[in-house]
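J.: Pasting in a structure now, in structure tokens, and then I'll have a few things to ask.
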Amino acid sequence: ATDTSPGDGGSGDTAPIKIGIIADRTGATGDVGTPYNDGMLGYIDWINAKGGIKGHQIDADSNDYAYLVPRAEELYKKYVNDGAVAIQGWGTGDSEALRTKVAADKLPFMSASYAEPLTDPKQSAYNFVVAPTYSDQMRVALNWIAKDAGGKAEVAVFHNDSPFGLAPVADGQKWVTEKGLNLGYKAYPMPKTPNQVGLLTQAKSQGAKYIVIQNVSSPAAQVAKDIKAQGLDMKIVCLNWCSDELFIKTAGADNAEGHVMVQPFAPPTAEKPGHKVIDDYLKSKGSSLADKGLHYAQGWYTMDVMAKGIEKALDAGGELTGESIKKALESVSVDTGGVVGAGTVSFTADSHRGSTGTGIYEVKAGQMVELAANQTPES
Amino acid sequence: MTSTPVSGTVAGAVAPGPATTDLLTINNVEVIYDDVILVLRGLSLAVPEGKIVALLGSNGAGKSTTLKAISGLLPTEHGEVTDGSILFGGKNVTHLDAAERVRLGLSLCMEGRHIFEHLTVEENLISGAYFRGRIDIQSDLAEVYALLPKLSDMRARVAGYLSGGEQQMLAIGRALMAKPKLLMLDEPSLGLAPLLVKEIFAFIKRVNEEMGLTVLVIEQNARRALEVADHGYIMEQGRIVLEGTAQELQENPDVKEFYLGLGESGGRKSFRDVKHYKRRKRWL
Amino acid sequence: MATATGIHHRTYRSELRLRHTKAEYFRLALMLVLLLAAPYVLDKYWLGIANVILISVIGAVGLNILVGFTGQISLGQGGFLAVGAFTSVIISDRAGVPVPISIAIAVLMTAAVGAFFGLPALRLKGLYLAIATLASQEIIMFVVRRWEWLTEGKGYLEVERLHVGGFQVERQMFEVQWYWILLALATLAVVVARNLFRTTLGRSFMAVRDQDIAAEAIGVNITRAKVTAFAVSSGFVGLAGALTAHYTETVTWERFTLDVSVLYLAMIIVGGLGSIAGAVYGAIFMGLLPALLTELVDVLGSSLPSLSDQLPALRNAVFGIAIIVFLLVEPRGLDRIWTRMKDYVRFWPFRY
Amino acid sequence: MNTFISLTIYGLSDGALLALAALGFVLIYKATRVINFAQGEFLLVGAYMFYTGFVVMRLPLIFAAVFGVLVAIVLGVVVERFILRPLIGEHAISVIMVTIGLSSVLKALVQIFYGTSVREQPPILPTGSIQVAGATVPVNRLIVIGIAVIVLFAFSAFFQRSRHGVAMRAVADDQQAALTMGISVKRIFSLAWVLAAVSALIAGVLLADLSAVEQGIAAFGLMVFPVVILGGLDSVPGTVVGGLVIGMLKQYVSGYADPGLAEVIPYIVLVAILVVRPYGIFGETRIERV
Amino acid sequence: MTTGLTRAYQHSLNSSAVPSGQPALEVKDIGLRFGGVHALADVGFTVTQGHIHAVIGPNGAGKSSLLNCVSGLYHPQHGSIVLHTGVEGTSHELTKLPPYKIARLGVARSFQNIELFSGLTVLENLMLGRHIHMSKSVLASLVWLGPARRQEIAHRALVEEVIDLLSLQPFRHKSVGSLAYGIQKRVELGRALCLQPALLLLDEPMAGMNAEEKEDMARYILDVHELAGVTVILIEHDMAVVMDISNRVSVLDFGRLIADGTPDEVKANPKVVEAYLGAEEH
Ligand SMILES: Nc1ncnc2c1ncn2[C@@H]1O[C@H](COP(=O)(O)OP(=O)(O)OP(=O)(O)O)[C@@H](O)[C@H]1O
Ligand SMILES: Nc1ncnc2c1ncn2[C@@H]1O[C@H](COP(=O)(O)OP(=O)(O)OP(=O)(O)O)[C@@H](O)[C@H]1O
Ligand SMILES: CC(C)C[C@H](N)C(=O)O
Ligand SMILES: [Mg+2]
Ligand SMILES: [Mg+2]
């Protein structure tokens, strides 16, 4: 747990704002969960140093839940009990498990899960999704593939065998049919093995030239290695959680070369204006955004969006509650300096889909090189 | 020790020196289990080199504990020698590691056989020679098989499936593979058929006489034990209460009554004659 | 007739009571007072933890029946919890059956599934069985994950807030009301399990554990005893699973992984194998440990910020170390420590 | 056909790694009757120790290997001496639990010192592929198979030819009796744990080279269970058979059938085998007589 | 054969209705092999109701195997074992039955190496001897109050009689693991008695005992035999005991029956002397 509040007296109107963070630092998705969580904590440190939000320090309680649902629930209860006004979560499994609870407790809940059902206020009243959903990312990926292949192609979807992995699978299929894309589409759950050749074999017999991966970086990198070792002519299209520097690092620049990434959060190499504030902050701490990678920025701006909501709620006056923050968020529009999607994240009372635009990158010489910016499913 | 070809030397041939030297001496040993259970209360005894000594006593007197103390097995049972000393061949071994003592020539054949169930008969025997390093043990094996021919028919059988008595023979054979200077036997006749009991004791006598192997033996079958022993000790409640030559003990009236099961008349009494009041008195 | 406590009984009946001495009745009363006072003393968070512990008590008691009393090591707990959870929710929410009935059905269902997965125990012993139950865990998980009908393709199930007849758990009183429900059921589970081991059926389980050949030779049908033990144990676990579902209001397979099986095993081992009280102590200990660690971490985290990065890992380390140290100090668990403490107090000041 | 060949090679190399990982597990069980739930973490620690030597300390490959082996030896000795030895004679499940605790601690230690993100390590084994009967086969996979064969062969030779094999089994059967044979139980126990740690190191390093230096290596350890049960908990040859069967089975299932099924198929096979042979294919039948 | 002891027991410890002198158990030509080992070859004899029937023979002769066949732990490859339990010749073929079913017919036993339930108390061990006579309903067990408790109390009465017969009073609530060897052997006998046996099998009940304890154990066996009239098959290596207390003796050697007769006949049989007793005394 990390208490980032220097605690400035806490007199009436500058009482610290309590936020609970459910983070995965050590669990199955800790590889990407750690920089994401660091990004949030960095942001809080940064804003507190600036004097907080309208004089209120953010008092964040961040704990690791190791991607275990029961731990997440326990933490959630603790935060509720400690009087948190908003929660930052992480996984699809726990976000879904907590969905009805946050609605009942009226606590705005953001998470790193971009599963589509979370964007619908009717189903999940207090969940806010900052990035394009996994399904949207999948749609963009499919559009891109159709274009890249010049029409007909076979697509194999490799996904993590969990709610997270499954989130965009059905929607992708639907998209292909709906849009009449000339794509073959087949999904394969990824087993935990030191090679993914079995899957690749199946993809090969399917005739797939494109492999969409909805998983974290390490297994995706394994696929890249195996494609290379097998000398297969296949292109990986990673969605958000494997579209990162880690993928390149783990696979090796050589093996990663030419693969494609659908990533709503601009990587540091894309040098968006919004990166500067993070980089400056990190430099002051003797580090840099390039070191930390894009998930740091992802955590940073997710927190930023929440902070902007809180700021607006404070502006509106009255007591700061989950309910007031929700209302504020539903009318906020946050400029992320080009880092998230098209640059701005905004919600409405009817839609908690913060943005729809995502960038597409290609790995070239170990770097993520932008192929297209701000792609939406419909664009 | 190299083995002399003639008549086999299962025992590490100790030159028959002056008969008075004690190979093993125990002085005032006190043993405590689990930090509280005092079992041996100042026990002293001596085993002269080249002799057979019998240690008798009722159940629970602490006989096995004595042998465990000598062979260093107490730590495996949360037991400890808290006082006194154990000298073997002049060397103080009171707190020596169990495996080390075997190397010095102290070999124990435990009560209840303790053979290695999953090993074959031959592997059991081989394990007996383990500490002697990389040596050629074929001749030693042959000797043991010659002494206990029944084992040789069963060499490839898994020991755990042998009958109780067969296992007992194996345990003794295994102890001999260590070529000890002092062989300690804890109730070797347990579960053996009468003929075999006779043979085992004859065998003990033989290795003792022919090879000068020193033996310390615990027995419930006091009659047999005293027949072959030179010397005997009787223990009760962790102490030696009586000591003497085998001859003396055999003639002692108490020993006759309680250990040899002989009536006042000197003849064996019938089990049917045991009166109920007797056991009432004893158990209630 | 005399017992170890020096009490004399005039009838077998009085001897068969679970408690004999004043001290025992006093402790029982004290515990009752504490349990009844809890909801008025604890805040929601701690009450929530208490509720989770109460559910684990039921599951741990069940597991101990199998592992501690019958000697059949099981790593399949998570799978059986899942069976209970899914069964109850599907029957109550989808078929519209009242929750108490759906829970009862879940108990029976899990007992049946448990008995089925206990069949390998008829041939397997010891650690081989343990690993076979690991297989049952993995297989049940696989089915739960793949069988889309269970969650209607969503991957998880949402559960309606508990309502029985006219009664509905209120949001504000959620933890408190659940506390009473769970306390009642956990107490029932403990009492029932203790009853079991006062009868010949329970004793036959222990006979199978201690010496199965001898058990058979005195007329215990080992096959039946083992399968019954699996069924009874799984029944408890099914109850725990069903309660987990209704209490947490979501069911996903992620809640029933191998980690959970291991955690339950840790409870009964740290608590004390073959002791109902031990299962309770173990559930409490394992339930409180992470929460207390979180508190500790909060304290340390603010005073040693440089350390805060390591704290998540430290928590794992502390968890592991706690288990290791525990078992090194007292391999027979908390129950044993408690017994020794009682003896110490009883004989004090005459310690020897 | 070439698909089949490449699946086979991949299956074999995974199986070889599994066999190596299982080897240590079996040795420990053979001598001490302990089920080591921390075997996966031994692989993890092994991989990270080699990484430390090779990448962090920039030692030449061979010295990095020596460094790794030294740490593995220390790990084996320390774990045996301070954690397992005091529990000798306690209930099997208590001992299992301790190894579960140990696994948690080891994983945490690796996290504390190395974090959770993937570490970069240059390839140790030659990369590149060769063509075998029309299939593309990566060279490093072939080498892994080779190394595993050598190590496994060396270990089984050690146990078959030397007295230590008998001594280990003797200790497992009856520690007291082993002591009366002059067999140092402590030394045998240490030996078992050290050998287990070293074989785990080899498996861990190879696995890391094929995949990556990361936390996930520990999870590989779980697959050891089907392997050892299949082969028999106490059989060294059994690990080879079990490892290869499981490795190839997973590969074929993920290549030809449902990849999701690949994760449970070992368990299904395991149960099937156990029903027919309750002590695995080569396992020693426990003797129960009255 | 009265001992001057009069004690009134409410329960009969003997469940056989076969009249004294009639065959209680007939072993017919049984053969048992383990791989290449012939543990038993064509062994046949009859145990008469009301006898103490001793089985002796060298180590490895197959005595324990024989008992194991009778109690169903081993299944002979051929031959048959018939148990008579009723007046009207109610008889059962045992060779194909599992052990627990044989126990339910009233065959109780002790083991060569004590096989008690070491985690349980003496009382619990003895109560387990009553297992076959008790209802095992899961529901009743869980509820306790009512039938389960009544049943416990009812059966406890018989167990107390056994405790009294074997003088186990001081050990009732002791865990059997902590008891002296001799007492454990007695508890094992007690557990078998609680079954109300039709036939009692004892495998070396006196091994490892000193003279005094042997006397006691012999007395208990005689009591069981005389007071309760239980038929006993006794394996024992102490010839003094065997010759003293048994009515009939069968001798095995290498899995074969080499002699069968009264103690005196057997003692004089040269084959027995050669294979088992050895020359001199006895
Ligand atoms: N490991 C132990 N822990 C505690 N007490 C023990 C232990 N071993 C033996 N004792 C106790 O020590 C006493 C002596 O036991 P020991 O085995 O030495 O007797 P013994 O003379 O060999 O008897 P027996 O003739 O039955 O073999 C007994 O009262 C026994 O209960
Ligand atoms: N389960 C088994 N598997 C293999 N062989 C067995 C088995 N049980 C007994 N034997 C063998 O059968 C033979 C008879 O054994 P048994 O135990 O019946 O002998 P016993 O007459 O009771 O001898 P003892 O007096 O030594 O106890 C022995 O050679 C033994 O090795
Ligand atoms: C990185 C991830 C696997 C976590 C992710 N946020 C999820 O949906 O579960
Ligand atoms: Mg003794
Ligand atoms: Mg026998």
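The values are calculated or read from the model by the stated rules, or taken from the named source; none is laboratory data. None of the values given here were measured: they were computed from a predicted structure. In this analysis, Cβ positions are derived from the backbone assuming ideal geometry, glycine residues included, and neighbour counts consider all displayed protein chains. Surface accessibility is based on the protein's heavy atoms, side chains included, excluding ligands, DNA and RNA. Shrake-Rupley method; radii C 1.70, N 1.55, O 1.52, S 1.80 Å.
J.: What residue, among those in region E:259-273 that are hydrophobic (A, V, I, L, M, F, W, C) and surrounded by fewer than 19 Cβ atoms within 10 Å (Cβ to Cβ), is farthest from residue E:68 (Cα to Cα)? First the steps, then the outcome.
T.: Going residue by residue through region E:259-273, those that are hydrophobic (A, V, I, L, M, F, W, C) are E:259, E:266, E:268, E:272-273.
After this cut, where a residue has to be surrounded by fewer than 19 Cβ atoms within 10 Å (Cβ to Cβ) as well, the list is E:268, E:273.
Details: E:268: 29, E:273: 26 Å.
So the residue we want is E:268.
J.: Helices (runs of 4 or more DSSP H) wholly in region C:12-104 with at least 2 residues that are within 14 Å of chain A (Cβ to nearest Cβ) and within 18 Å of residue C:191 (Cα to Cα) - which ones? It would help to see each step written out before you state the result.
T.: Details: elements: C:12-15, C:22-41, C:44-64, C:77-89.
Once the helices (runs of 4 or more DSSP H) in region C:12-104 are filtered for at least 2 residues that are within 14 Å of chain A (Cβ to nearest Cβ) and within 18 Å of residue C:191 (Cα to Cα), what remains is C:44-64.
J.: Also, quick follow-up: Any residue in region C:218-231 that is hydroxyl-bearing (Ser, Thr, Tyr) and more than 10 Å from every other protein chain (Cβ to nearest Cβ)? Walk me through how you get there before you give the answer.
T.: Of the residues in region C:218-231, the ones hydroxyl-bearing (Ser, Thr, Tyr) are C:223, C:228.
Narrowing the set further to residues that are more than 10 Å from every other protein chain (Cβ to nearest Cβ) leaves none.
The answer is no; no qualifying residue exists.
J.: A further question on this structure: Here are A:208, A:170, A:187, A:153: which of them is within 16 Å of ligand 3 (Cβ to nearest atom), in contact with a helix residue (DSSP H, G or I) (Cβ under 9 Å, 6 or more places away or on another chain) and small (Gly, Ala, Ser)? Talk me through it step by step, then tell me what you get.
T.: Details: A:208 fails: within 16 Å of ligand 3 (Cβ to nearest atom); A:187 fails: within 16 Å of ligand 3 (Cβ to nearest atom); A:153 fails: within 16 Å of ligand 3 (Cβ to nearest atom).
Of the residues listed, the single one that is within 16 Å of ligand 3 (Cβ to nearest atom), in contact with a helix residue (DSSP H, G or I) (Cβ under 9 Å, 6 or more places away or on another chain) and small (Gly, Ala, Ser) is A:170.
J.: Being of a type in the set (A, V, I, L, M, F, W, C) and open to solvent by less than 30 Å² (accessible area, probe 1.4 Å) is the filter; apply it to region A:151-166 and report the residue that is farthest from the other protein chains (Cβ to nearest Cβ).
T.: Restricting attention to region A:151-166, the residues satisfying the condition of being of a type in the set (A, V, I, L, M, F, W, C) are A:153, A:155-158, A:164, A:166.
Retained after the next criterion (residues that are open to solvent by less than 30 Å² (accessible area, probe 1.4 Å)): A:153, A:155-158, A:164.
On the way: A:153: 21, A:155: 16, A:156: 11, A:157: 12, A:158: 9, A:164: 9 Å.
Here the residue is A:153.
J.: Across region C:249-270, which residue is surrounded by the most Cβ atoms within 10 Å (Cβ to Cβ) among those that are within 11 Å of another protein chain (Cβ to nearest Cβ) and either among the small types (Gly, Ala, Ser) or within 16 Å of residue C:186 (Cβ to Cβ) (or both)?
T.: C:268
J.: Within region A:31-51, does at least one residue satisfy the condition of being open to solvent by less than 20 Å² (accessible area, probe 1.4 Å) and either acidic (Asp, Glu) or farther than 26 Å from residue A:289 by Cα (or both)?
T.: The answer is yes, given that some residue of region A:31-51 is open to solvent by less than 20 Å² (accessible area, probe 1.4 Å) and either acidic (Asp, Glu) or farther than 26 Å from residue A:289 by Cα (or both).
J.: Taking the stated definitions as given, is residue A:83 open to solvent by 10 Å² or more (accessible area, probe 1.4 Å) and either in contact with a strand residue (DSSP E or B) (Cβ under 6 Å, 6 or more places away or on another chain) or hydrophobic (A, V, I, L, M, F, W, C) (or both)?
T.: On the way: open to solvent by 10 Å² or more (accessible area, probe 1.4 Å): yes; either in contact with a strand residue (DSSP E or B) (Cβ under 6 Å, 6 or more places away or on another chain) or hydrophobic (A, V, I, L, M, F, W, C) (or both): yes.
In short, yes.
J.: Pairs needed: first member in region B:169-195, under 19 Å from residue B:151 (Cα atoms); second member anywhere, outside any helix (DSSP H, G or I) and acidic (Asp, Glu); C-beta distance under 8 Å; at least 6 residues apart or different chains.
T.: Every condition considered, the pairs that remain are B:188/B:219; B:189/B:219; B:190/B:111; B:191/E:204.
J.: While we're here: Name every residue in region E:115-139 that is at the interface with another protein chain (Cβ under 9 Å from one of its Cβ atoms), not in a helix (DSSP H, G or I) and not charged (D, E, K, R), in order of residue number. So that I can check it myself, show each step before the final result.
T.: From region E:115-139, those at the interface with another protein chain (Cβ under 9 Å from one of its Cβ atoms) are E:115-120, E:124-125, E:127-138; that's our starting set.
Among the residues that remain, those that are also not in a helix (DSSP H, G or I) are: E:115-120, E:130, E:134-137.
Once the filter is applied, which keeps residues that are at the interface with another protein chain (Cβ under 9 Å from one of its Cβ atoms), not in a helix (DSSP H, G or I) and not charged (D, E, K, R), region E:115-139 yields E:116, E:117, E:118, E:119, E:120, E:134, E:135, E:137.
J.: May I pose another question? Considering region B:85-112 alone, what residues qualify as being in contact (Cβ under 8 Å) with a residue 24 or more places away in the chain and open to solvent by 20 Å² or more (accessible area, probe 1.4 Å)?
T.: Matches in region B:85-112: B:85, B:87, B:89, B:96, B:97, B:100, B:103, B:104, B:111, B:112.
J.: While we're on this one: Which condition does residue E:24 not pass, out of (1) among the hydrophobic types (A, V, I, L, M, F, W, C); (2) touching a residue at least 40 places away in the same chain (Cβ under 8 Å); (3) assigned to a loop (DSSP other than H, G, I, E, B), if it passes all the others?
T.: (3)
J.: If residue B:103 meets every condition in (1) away from ligand 2 (no atom under 15 Å from the Cβ); (2) over 18 Å from the mean Cα position of the chain (by Cα) apart from one, which number is that one?
T.: Answer for residue B:103: the failing condition is (2).
J.: If you check B:206, B:224, B:155, B:239, which single one turns out to be open to solvent by 40 Å² or more (accessible area, probe 1.4 Å), assigned by TED's automatic domain parsing to the domain that holds residue B:114 and within 16 Å of ligand 1 (Cβ to nearest atom)? Let's see the steps before the verdict.
T.: Details: B:206 fails: within 16 Å of ligand 1 (Cβ to nearest atom); B:224 fails: open to solvent by 40 Å² or more (accessible area, probe 1.4 Å); B:155 fails: within 16 Å of ligand 1 (Cβ to nearest atom).
The unique qualifying residue is B:239.
J.: What residue, among those in region B:58-74 that are in a helix (DSSP H, G or I) and more than 14 Å from chain E (Cβ to nearest Cβ), is nearest to the chain's Cα centre (by Cα)?
T.: As a first pass, look at region B:58-74 and keep what is in a helix (DSSP H, G or I): B:63-71, B:74.
Those left that are additionally more than 14 Å from chain E (Cβ to nearest Cβ): B:66-71, B:74.
Numbers: B:66: 11, B:67: 8, B:68: 11, B:69: 13, B:70: 11, B:71: 11, B:74: 16 Å.
Per the stated criteria, the residue is B:67.
J.: Considering each residue of region B:124-167, count those that are in a loop (DSSP other than H, G, I, E, B), under 23 Å from residue B:103 (Cβ atoms) and either at pLDDT 85 or above or under 21 Å from the mean Cα position of the chain (by Cα) (or both), and give that number. If you could, list the steps in order and put the result at the bottom.
T.: Within region B:124-167, the subset in a loop (DSSP other than H, G, I, E, B) is B:129, B:133-137, B:148, B:154-157, B:162-163.
When the remaining residues are screened for being under 23 Å from residue B:103 (Cβ atoms), the result is B:129, B:133-137.
This time we only want the ones that are either at pLDDT 85 or above or under 21 Å from the mean Cα position of the chain (by Cα) (or both), so: B:129.
The total comes to 1.
J.: For region C:165-202, how many residues are within 12 Å of chain E (Cβ to nearest Cβ) and over 16 Å from the mean Cα position of the chain (by Cα)?
T.: The number of residues fulfilling the criteria is 7.
J.: Answer yes or no as to whether residue E:40 is modelled with pLDDT under 85, among the aliphatic types (A, V, I, L, M) and at negative phi.
T.: On the way: modelled with pLDDT under 85: no; among the aliphatic types (A, V, I, L, M): yes; at negative phi: yes.
So residue E:40 fails the test.
J.: So for region A:127-134 (the condition being open to solvent by 10 Å² or more (accessible area, probe 1.4 Å) and either at pLDDT 90 or above or within 20 Å of residue C:251 (Cβ to Cβ) (or both)), does at least one residue qualify?
T.: Just the residues of region A:127-134 that are open to solvent by 10 Å² or more (accessible area, probe 1.4 Å), to begin with: none.
Within region A:127-134 (the criterion being open to solvent by 10 Å² or more (accessible area, probe 1.4 Å) and either at pLDDT 90 or above or within 20 Å of residue C:251 (Cβ to Cβ) (or both)), the answer is no, since none of the residues qualifies.
J.: Still on this structure, I have one more. Go through region B:196-214 residue by residue and tally those that are without any contact (Cβ under 8 Å) to a residue 40 or more places away in the chain, in contact with a helix residue (DSSP H, G or I) (Cβ under 9 Å, 6 or more places away or on another chain) and of a type in the set (D, E, K, R). Let's see the steps before the verdict.
T.: Of the residues in region B:196-214, the ones without any contact (Cβ under 8 Å) to a residue 40 or more places away in the chain are B:196-202, B:206, B:209.
Filter once more, keeping what is in contact with a helix residue (DSSP H, G or I) (Cβ under 9 Å, 6 or more places away or on another chain): B:196-198, B:200-202, B:206.
The next check asks that each one be of a type in the set (D, E, K, R); those that pass are B:198, B:206.
Count: 2.
J.: Residues in region A:93-115: is at least one within 13 Å of chain C (Cβ to nearest Cβ) and without any contact (Cβ under 8 Å) to a residue 12 or more places away in the chain?
T.: Yes.
J.: What is the residue count in region E:208-246 for residues that are within 16 Å of ligand 1 (Cβ to nearest atom) and in contact with an Asp or Glu (Cβ under 8 Å, 6 or more places away or on another chain)? Can you show your working first?
T.: Narrowing region E:208-246 to residues within 16 Å of ligand 1 (Cβ to nearest atom): E:208-217, E:238.
Keeping just the survivors that are in contact with an Asp or Glu (Cβ under 8 Å, 6 or more places away or on another chain) gives E:208, E:214.
Result for region E:208-246: 2.
J.: Still on this structure: Give me the residue from region D:232-255 that is free of Cβ contacts under 8 Å to residues at least 60 places away in the same chain and within 12 Å of another protein chain (Cβ to nearest Cβ) and, out of that set, nearest to residue A:202 (Cα to Cα).
T.: Just the residues of region D:232-255 that are free of Cβ contacts under 8 Å to residues at least 60 places away in the same chain, to begin with: D:232, D:241, D:253-254.
Then keep just the ones that are within 12 Å of another protein chain (Cβ to nearest Cβ); that gives D:232, D:253-254.
Details: D:232: 33, D:253: 10, D:254: 8 Å.
Once the filter is applied, the top-ranked residue is D:254.
J.: Considering only residues that are in contact with a Lys or Arg (Cβ under 9 Å, 6 or more places away or on another chain) and of a type in the set (A, V, I, L, M), look in region A:56-72 and name the one that is surrounded by the fewest Cβ atoms within 10 Å (Cβ to Cβ).
T.: Only one residue tops the list, namely A:66.
J.: Tell me yes or no: at least one residue of region E:6-29 is within 14 Å of another protein chain (Cβ to nearest Cβ) and either hydrophobic (A, V, I, L, M, F, W, C) or within 16 Å of ligand 1 (Cβ to nearest atom) (or both).
T.: Scanning region E:6-29, I find no residue that is within 14 Å of another protein chain (Cβ to nearest Cβ) and either hydrophobic (A, V, I, L, M, F, W, C) or within 16 Å of ligand 1 (Cβ to nearest atom) (or both), so the answer is no.
J.: Then there's this: Based on what the data block shows, is residue C:134 surrounded by 22 or more Cβ atoms within 10 Å (Cβ to Cβ) and at the interface with chain D (Cβ under 7 Å from one of its Cβ atoms)? Write out each step before concluding.
T.: Values: surrounded by 22 or more Cβ atoms within 10 Å (Cβ to Cβ): yes; at the interface with chain D (Cβ under 7 Å from one of its Cβ atoms): yes.
Yes: the conditions hold for residue C:134.
J.: Name the single residue that is surrounded by the most Cβ atoms within 10 Å (Cβ to Cβ) among those in region B:38-57 being within 15 Å of ligand 4 (Cβ to nearest atom) and either free of Cβ contacts under 8 Å to residues at least 40 places away in the same chain or away from chain E (no Cβ under 14 Å) (or both). Talk me through it step by step, then tell me what you get.
T.: Filtering region B:38-57 for residues within 15 Å of ligand 4 (Cβ to nearest atom) gives B:39-40, B:43, B:54-57.
Those still in the list that are either free of Cβ contacts under 8 Å to residues at least 40 places away in the same chain or away from chain E (no Cβ under 14 Å) (or both) too: B:40, B:43.
Numbers: B:40: 29, B:43: 23.
Looking at the filtered set, the residue picked out is B:40.
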